[in-house]
Amino acid sequence: MRLEYFQLIDRVVELNLADRTIRSEATVPTHSTIFEGHFPGHPLMPGVLLVEAMAQTCGWLVLATTSFGRMAFLASVKEAKFRTFVRPGQVLKISARLEHEGSGFAVARAEINSDDKSICDAGLTFRVIDFPNSEMRQKMRQTAIGIGLSSEALADG
Amino acid sequence: MSSTFDTIANIIAETCDIPRDTIKPESHAIDDLGIDSLDFLDIAFAIDKAFGIKLPLEQWTQEVNDGKATTEQYFVLKNLSARIDELVAAKGA
């Protein structure tokens, strides 16, 4: 997890395009200035960043289903529930399922577990549109390779 | 058509917290009911699920932007109902 680059996902550990599911992992950094404010003397991973981790995992799934033909932008978050505190150094296991692929949008559900405990879950909706430019698409593909998204997901070159 | 309209009117009422009795076949989803594009994603999701179709929102938007169609053709609810019936019929054909 590289918070300074807003990269919340360390690696994709499983992608199943047939089932429209994905699993990723991320380790919360032991040190970050974020923890100086959230909270002083009681460092906790902010819930909004847990949502972002779920959103990024869903986003990679959407990109993979389009063979990186289109980009997913977070549009709404529903019923986000934060069930347990997350502390620095904790390993998060994020899983997501695409529930619906509409025309120009996608709906997913995601959850985070750690040490076999449910951390949080939410429903997330994305606008799915053409990449604004080819540079962004290329950078997203590079990042995808870096986090281990399978070659199947990048198949169209 | 009436059952299709009733289904989408109920979806809109529930999704957007709009009183059901204010939603008429002649209502324009955007101009009369004030539904914005983000709320319409939720409505489209619910309609897709309810009817087992995929509303071609991107195609409709493109046609409106290109001047080939009016928003009334797709977003006045009786017309939306007719479009849905067409999509359902096409799926079953």
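Here, chain B is characterised by an Rg to Rh ratio of 0.93, where Rg is the alpha-carbon radius of gyration and Rh the Kirkwood radius. Protection proxy ranking for A:136-147, A:115-126, using the average of other Cβ atoms within 10 Å per residue and placing the highest first: A:115-126, A:136-147.
A cut-off under 15 angstrom between Cβ atoms defines the neighbours of A:PHE105, and their net charge, with Lys, Arg +1 and Asp, Glu -1, is -1. Within the straight-line cut-off of under 22 Å between alpha carbons, the lysines reachable from B:LYS68 are B:LYS54, B:LYS78, sequence neighbours fewer than 8 places apart in one chain being disregarded.
Angle of helix A:134-146 to the longest C-alpha principal axis of chain A, folded into 0 to 90 degrees and rounded to 10: 60°. Structural descriptor for chain B: relative contact order 36 percent, calculated from alpha carbon pairs under 8 angstrom and at least 6 residues apart. Dipole of the stretch A:1-85 computed with +1 at Lys/Arg Cβ and -1 at Asp/Glu Cβ about the Cα centre; of A:PRO29, A:MET54, A:THR65, farthest Cα towards the positive end is A:THR65. Modelled label positions at A:GLN90 and B:ALA82, each set 7 Å beyond Cα in the direction of Cβ, lie 5.5 nm from each other.
Taken about its Cα centre, the protein assembly as shown carries a charge dipole of roughly 700 debye when the Cβ of each Lys and Arg holds +1 and the Cβ of each Asp and Glu holds -1. The distance between label points at A:ASP116 and A:LYS78 comes to 3.3 nm (points 7 Å beyond Cα on the Cα→Cβ vector).
Against chain A, whose longest principal axis comes from its Cα atoms, helix A:47-65 is set at around 20 degrees. Rolling a 1.4 Å probe over the protein heavy atoms gives the protein assembly as shown an accessible area of 50 Å² per residue. Taking amide hydrogens as placed 1.01 Å from N in the peptide plane, the amide H of A:VAL13 sits under 5 Å from those of A:ARG23, A:SER24, A:GLU25, each at least 5 positions away in sequence or on another chain. How large is log10 I(q)/I(0) at q = 0.16, 0.18, 0.19 Å⁻¹ when the Debye formula is applied to the Cα atoms of the stretch A:3-150, each weighted equally and without solvent? Results for the stretch A:3-150 at q = 0.16, 0.18, 0.19 Å⁻¹ read -0.84, -1.04, -1.14. Computed over the protein assembly as shown, the P(r) curve from all C-alpha pair distances, binned at 5 Å from the origin, holds 1, 6, 12, 15, 15, 13, 12, 10, 8, 5, 2, 1, 0, 0 percent per bin. Amide H to amide H, with H built 1.01 Å from N, B:VAL76 comes under 5 Å of B:ALA29, counting only residues 5 or more places away or on other chains. List the trypsin sites (Lys or Arg not before Pro) in the stretch A:46-91 that DSSP assigns to loop (not H, G, I, E or B) and whose Cβ has at most 14 other Cβ atoms within 10 Å. Which are they? When the trypsin sites (Lys or Arg not before Pro) of the stretch A:46-91 are filtered for loop state and at most 14 Cβ neighbours within 10 Å, A:ARG83 remain. Restriction of the GluC sites (Glu not before Pro) in the stretch B:1-80 to DSSP coil positions whose beta-carbon has at most 12 other beta-carbons within 10 angstrom yields B:GLU26. For A:PHE131, the residues 5 or more places off, or on other chains, whose built amide H falls under 5 Å of its own are A:MET71.
For the stretch A:3-150, calculate the relative contact order in percent as a whole number, restricting contacts to Cα pairs under 8 Å that are 6 or more residues apart. Worked out over the stretch A:3-150, it gives 27 percent.
Rounded to the nearest whole Hz, the Karplus-based 3J(HN,Hα) values (6.51 cos²θ - 1.76 cosθ + 1.60, θ = phi - 60°) of the stretch A:76-91 follow the sequence 7, 10, 10, 6, 6, 10, 10, 9, 9, 5, 10, 10, x, x, 6, 8, with x at glycine and proline.
The values are calculated or read from the model by the stated rules, or taken from the named source; none is laboratory data. None of these values were measured; they are calculated from a predicted model. When we count neighbours, we look across all protein chains shown, and the Cβ atoms used for this are built from the backbone with ideal geometry, even at glycine. When the accessible area is computed, the model is the full protein with side chains, heavy atoms only, and any ligands, DNA or RNA have been set aside. Shrake-Rupley method; radii C 1.70, N 1.55, O 1.52, S 1.80 Å.
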